[in-house]
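Take a look at the structure below.
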Amino acid sequence: MHVKLRQAAPADLPIVLDLLTRCGLHTSSVDLGAGTYWIADLDGVPGGCIGLEHGQGVSLIRSTAVVPEARSQGLGRALVRSALTHATLRGDRSVYLFSEEAGDYWRRFGFVPVTADEISGALPDAPQVVSGLCNGWIGGEQAWRLDVQPLDVQPGEAARG
């Protein structure tokens, strides 16, 4: 088994939409140009994806999916860690997400429940938040937050570890 994570390009939109559809997730507000998305390939075949929509010092994880036949291979964990690393490197204070059914999964990464209003206030322009507000579903969603510690890296300087 060979796992490869790659940043999605605009041309990868059909792949991301297919992965989300195969996992029964919504696709209406997915915009690869409005954030950073990754695709996990398992033996050269797309098996999962994740998106990160960016705000001022915060990001929103969205579109986290691993197709059933690729589960239990570590793809989801690798995708989440990639997104969290990216958020940390960009200096985010917090990372948010919406999840009704996978709370136990997100708790393993340290996420805690918060209100949907907190996400709306922190990321008012994120496509998923805009969609939720326009379509009226955001108020009933379970929201989650993880406070991250941005790396203290100056431009042109290597991270210290």
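The values are calculated or read from the model by the stated rules, or taken from the named source; none is laboratory data. None of the values given here were measured: they were computed from a predicted structure. Counting neighbours? That spans all protein chains shown, and the Cβs are built from the backbone with ideal geometry, glycine included. Ligands, DNA and RNA are stripped out before the accessible areas are found, and what is left, the full protein with its side chains, is counted by its heavy atoms. Shrake-Rupley method; radii C 1.70, N 1.55, O 1.52, S 1.80 Å.
Among the residues of region 134-147, write down those that are at pLDDT 90 or above and either open to solvent by 20 Å² or more (accessible area, probe 1.4 Å) or assigned to a helix (DSSP H, G or I) (or both).
Those that are at pLDDT 90 or above and either open to solvent by 20 Å² or more (accessible area, probe 1.4 Å) or assigned to a helix (DSSP H, G or I) (or both): Gln142, Arg145, Leu146, Asp147.
Tell me which residues, restricted to region 44-62, are closer than 16 Å to Leu123 by Cα and assigned to a strand (DSSP E or B).
Correct list: Gly51, Leu52, Glu53, His54, Val58, Ser59, Leu60, Ile61, Arg62.
Out of curiosity, is Ser29 buried (at least 18 other Cβ atoms within 10 Å of the Cβ), of a type in the set (S, T, N, Q) and either farther than 15 Å from Leu75 by Cα or at pLDDT 95 or above (or both)?
When the stated conditions are applied, Ser29 passes them.
Of all residues in region 66-82, count the ones that are open to solvent by 30 Å² or more (accessible area, probe 1.4 Å) and in a loop (DSSP other than H, G, I, E, B).
Count: 3.
The conditions are (1) at positive phi; (2) touching a residue at least 40 places away in the same chain (Cβ under 8 Å), and Gly24 fails exactly one of them. Which is it?
(2)
Sort through Val80, Val16, Val58, Val30 and tell me the only one that's among the hydrophobic types (A, V, I, L, M, F, W, C) and in contact with an Asp or Glu (Cβ under 6 Å, 6 or more places away or on another chain).
Answer to the selection: Val58.
I need a count of the residues in region 99-118 that are open to solvent by less than 30 Å² (accessible area, probe 1.4 Å) and under 21 Å from Trp38 (Cα atoms).
Residues meeting the conditions: 3.
Hey, does region 83-96 have a residue that's open to solvent by 40 Å² or more (accessible area, probe 1.4 Å) and in a loop (DSSP other than H, G, I, E, B)?
yes
What are the residues in region 36-65 that are closer than 15 Å to Ala102 by Cβ and open to solvent by 20 Å² or more (accessible area, probe 1.4 Å), if any?
Correct list: Thr64 only.
Go through (1) at pLDDT below 95; (2) open to solvent by 50 Å² or more (accessible area, probe 1.4 Å) for Asp18 and report which single condition fails.
Of the numbered conditions (1) at pLDDT below 95; (2) open to solvent by 50 Å² or more (accessible area, probe 1.4 Å), the odd one out for Asp18 is (1).
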